[in-house]
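Read the structure below first, then the notes.
The values are calculated or read from the model by the stated rules, or taken from the named source; none is laboratory data. Not measured: the values here are computed from a predicted model. Cβ placement follows ideal geometry from the backbone for every residue including glycine, while neighbour counts extend to all protein chains displayed.
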Amino acid sequence: MGIMTRLEGVPDADDALPGMAYFAGTGPYGKTCGECKFRGLIRESSKGIWNENLQQIVHKSYRTTQCAMFKKLAGCHGSPVKKDYRACKYFDEREKKRAPGSRAPSEGA
Ligand code: SF4
């Protein structure tokens, strides 16, 4: 908790977690970064490998646990974001993977 009096509904210093796009707990109630589509920034390896077929250097891409919204707003890469952090106001729910052959709820029966 911060040094000052905590006000209900107002973010505190404890809600400012490294790598998050905004204060923790300012998003939908009960949602976490693990359910947000912005967690999992795709990055490219800095070291490239020469591809003979393409005749160019190619870089491997990999998924991190960093927040893509943080990168968009701050212009730099943030710290890894834990999946149990309470969601921030930029939360956007990640689409859940459906089993092959199953229908989306909007497709109806
Ligand atoms: S809720 Fe989403 S946008 Fe906000 S910090 Fe977590 S991953 Fe980033």
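In contact with a Pro (Cβ under 8 Å, 6 or more places away or on another chain), aromatic (Phe, Trp, Tyr) and either over 14 Å from Arg43 (Cβ atoms) or buried (at least 16 other Cβ atoms within 10 Å of the Cβ) (or both): does that describe Phe70? Let's see the steps before the verdict.
Working: in contact with a Pro (Cβ under 8 Å, 6 or more places away or on another chain): no; aromatic (Phe, Trp, Tyr): yes; either over 14 Å from Arg43 (Cβ atoms) or buried (at least 16 other Cβ atoms within 10 Å of the Cβ) (or both): yes.
Spelling it out, it is not the case that Phe70 is in contact with a Pro (Cβ under 8 Å, 6 or more places away or on another chain), aromatic (Phe, Trp, Tyr) and either over 14 Å from Arg43 (Cβ atoms) or buried (at least 16 other Cβ atoms within 10 Å of the Cβ) (or both).
For the subset of the range 33-57 comprising residues that are surrounded by 12 or more Cβ atoms within 10 Å (Cβ to Cβ) and modelled with pLDDT under 95, which member is farthest from Ala16 (Cα to Cα)? Before the answer, list the steps.
Going residue by residue through the range 33-57, those that are surrounded by 12 or more Cβ atoms within 10 Å (Cβ to Cβ) are 33-41, 43, 48.
Right, trim to modelled with pLDDT under 95 and you get 40-41, 43, 48.
On the way: Gly40: 19, Leu41: 20, Arg43: 24, Gly48: 36 Å.
Taking the candidates together, the pick is Gly48.
Taking the condition modelled with pLDDT under 95, exposed (fewer than 11 other Cβ atoms within 10 Å of the Cβ) and within 30 Å of Asp14 (Cα to Cα), does Glu95 pass? Talk me through it step by step, then tell me what you get.
Working: modelled with pLDDT under 95: yes; exposed (fewer than 11 other Cβ atoms within 10 Å of the Cβ): yes; within 30 Å of Asp14 (Cα to Cα): yes.
So Glu95 fits the description; yes.
Can you pull out every residue in the range 2-32 that is surrounded by fewer than 17 Cβ atoms within 10 Å (Cβ to Cβ) and hydrophobic (A, V, I, L, M, F, W, C)?
Scanning the range 2-32 gives Ile3, Met4, Leu7, Val10, Ala13, Ala16.
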